[in-house]
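See structure below.
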Amino acid sequence: MALKDAFGLTYSGATEAGFPSYARAIRELQCFIGDPVAAIDRAIADDPGFVMAHVFKGYLFGLATEREATAVARTCHEAALPLVATTREQAHVAALGHLAGGRWHEAARIVEDIAIDNPLDALALQVGHQIDFFTGNARMLRDRIGRALPAWQRGMPGYHAILGMQAFGLEEMGDYARAESFGRQAVEIEPRDGWAQHAVAHVMEMQSRQKDGIAWMRANPEAWTKDSFLKIHNWWHLALFHYDLGEIDEVLRLYDGPIYGDRSTLALNMVDASAILWRLNLGGVDVGDRWAVLAANWAPKAAAGNYAFNDAHAMMAFVGAGLEGPAQTLIEAQRDAMHGNDDNAAFTRDVGHPLTMAIKAFGAGSYDEAVRLIRPIRSIAHRFGGSHAQRDVIDLTLIEAALHAGDRALARALTAERQLARPDSPLSALFSRRAADLSEN
């Protein structure tokens with residue numbers, strides 16, 4: 001008899017030996033804690049024919065945005081293909097194949113259909129939600145979860161994760177009040193849910209509620225940092241609040257400690273490190289040898305050419321450290337990527353390459369060129385992934401480029417725009433003063 005979970009979903013090839021490890025991996029992923037890879041490897045060792053265990057592992061590696069990890073995802077897909085599977089599981093195998101092949105949008109569509117037919121398939125919802133994030137699809141970040149939400153209720157395993165994902169989707173669509181409510185409910189149910197914690201931080205970032213954000217993040221850091229693989233990103237959110245307040249010493253303390261004290265070589269963590277140092281660099285802050293350390297870890301990935309969002313952040317480090325060789329390698333890799341047959345070809349062509357070239361131009365003091373390259377991509381920047389908070393660095397770079405170029409009219413326009421969007425932000429006020437001073441000189 002096929003094994004079924006608490007939601008009535010069938011798991012082909014699973015036994016009482018391997019399924020507890022699979023369930024553990026699901027719980028860990030829903031909170032972004034522990035080691036779901038180790039848990040799923042135990043499930044596979046116990047039940048080699050457990051098709052969804054192979055798929056789950058493939059999803060983990062396919063969502064890592066690392067070239068080497070994608071190769072593991074392909075191996076998992078190959079292992080899953082010949083195994084006995086239900087129609088739902090066969091769809092998961094197909095989705096993994098597309099993800100491993102860099103076809104993010106097709107993978108998203110398949111898991112969308114899985115969740116429409118099976119709204120209690122928590123893995124389909126979470127994988128789809130993560131793909132929506134990596135492709136910058138704010139509408140689906142909200143609606144993918146919203147469609148399934150009526151089938152869920154308090155007390156169900158993983159309900160907090162559904163609320164947390166809904167919170168982030170609502171935030172990315174600008175529905176801040178409901179986003180905060182959903183996020184707080186999720187954290188109340190499961191304090192270790194790092195994604196829900198981060199969703200509320202996003203609300204406060206977008207509303208320029210810096211002090212509220214600091215209080216939210218510092219209220220119970222043990223909950224969202226303990227054994228969490230999302231903790232660096234959440235520390236990054238705390239640093240953003242201090243950055244907006246002009247508390248640079250605290251930003252550097254966070255960078256040197258929980259954000260990059262361990263000098264992670266994972267792209268997802270280095271993105272956060274680059275994003276912090278680049279913001280400081282835009283403000284004229286001397287960060288010492290921090291760029292050199294970070295750039296050295298980015299250098300082996302310069303030729304990856306597999307995810308444009310990472311490329312832009314790698315270029316920040318190469319520019320900051322003054323490394324021309326890796327910067328040129330990255331640009332050449334992007335040129336090759338634009339001729340590929342995966343979705344990253346469009347990510348790179350539409351947004352990633354012009355932005356990466358703009359960052360390089362800014363570093364070289366070619367501020368007019370940076371402005372020229374960034375202005376056409378601002379309205380489509382979501383196409384290469386990330387959140388509004390992460391992509392804000394594009395606007396910050398454009399504003400600084402306009403100010404540095406002495407373009408008074410554009411600087412006035414951009415700072416007025418930011419003041420309207422973030423009226424309570426001290427940084428907005430600073431930009432406005434600088435633009436006014438530029439106008440008078």
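The values are calculated or read from the model by the stated rules, or taken from the named source; none is laboratory data. Predicted model, so just to flag it, every value in this text is computed and none were measured. Neighbour counts run over all protein chains shown; Cβ positions are idealised from the backbone, glycine included. Accessible surface is based on the protein model in full, side chains and every heavy atom, while ligands, DNA and RNA are left aside. Shrake-Rupley method; radii C 1.70, N 1.55, O 1.52, S 1.80 Å.
What the table below lists for this structure:
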| item | result |
| --- | --- |
| Lys, Arg +1 and Asp, Glu -1 on Cβ, resulting dipole of the range 260-390 about Cα centre, debye, nearest 20 | 260 |
| Signed unit charges on C-beta, dipole axis of the chain, positive-most listed residue Ile44, Leu240, Leu430 | Leu430 |
| Cross-link partners of Lys4 among aspartates and glutamates (Cα-Cα below 19 Å; sequence separation of 8 or more within a chain) | Glu16, Asp46, Asp47, Glu89, Asp117, Asp121 |
| Relative packing of 87-99, 12-24, which averages over residues the other C-beta atoms within 10 Å, highest first | 87-99, 12-24 |
| Segments 101-107, 220-226, 209-215 sorted - mean Cβ within 10 Å per residue, highest first | 101-107, 209-215, 220-226 |
| Within straight-line cross-link reach of Lys231, lysines at Cα separation under 27 Å, skipping those fewer than 8 residues along the same chain | Lys57, Lys211, Lys301 |
| √(5λ) per eigenvalue of the Cα gyration tensor, the range 187-273, largest first, Å | 18, 17, 11 |
| Amide N proximity, the range 62-104 versus Asp336 label position 7 Å along Cα-to-Cβ, cut-off under 15 Å | 67-68 |
| Gaussian network model of the chain, springs between alpha carbon atoms under 10 Å - residue of Ala186, Ala69, Ala25 with greatest fluctuation | Ala69 |
| Volume of the Cα convex hull of the chain, divided per residue and given in Å³ | 126 |
| Cα gyration tensor category, rounded, prolate or oblate, for the range 183-328 with a/c compared to 1.5 | prolate |
| Within the range 290-308: backbone nitrogen closer than 15 Å to the Ala71 label point (7 Å, Cα to C-beta) | 300-306 |
| Descending Cα extents along the principal axes, the range 248-365, whole Å | 44, 30, 22 |
| Estimated dipole of the chain in Debye, rounded to 20 [Cβ of Lys and Arg +1, of Asp and Glu -1, Cα centre] | 500 |
| Solvent-accessible area per residue, Å², over the chain with all protein chains present [probe radius 1.4 Å] | 39 |
| Shape of the range 173-221, Cα gyration tensor, a/c cut at 1.5 | oblate |
| Cα gyration tensor category, rounded, prolate or oblate, for the range 384-424 with a/c compared to 1.5 | oblate |
| Surface share of carbon and sulfur [accessible, 1.4 angstrom probe, percent] for the range 213-265 | 50 |
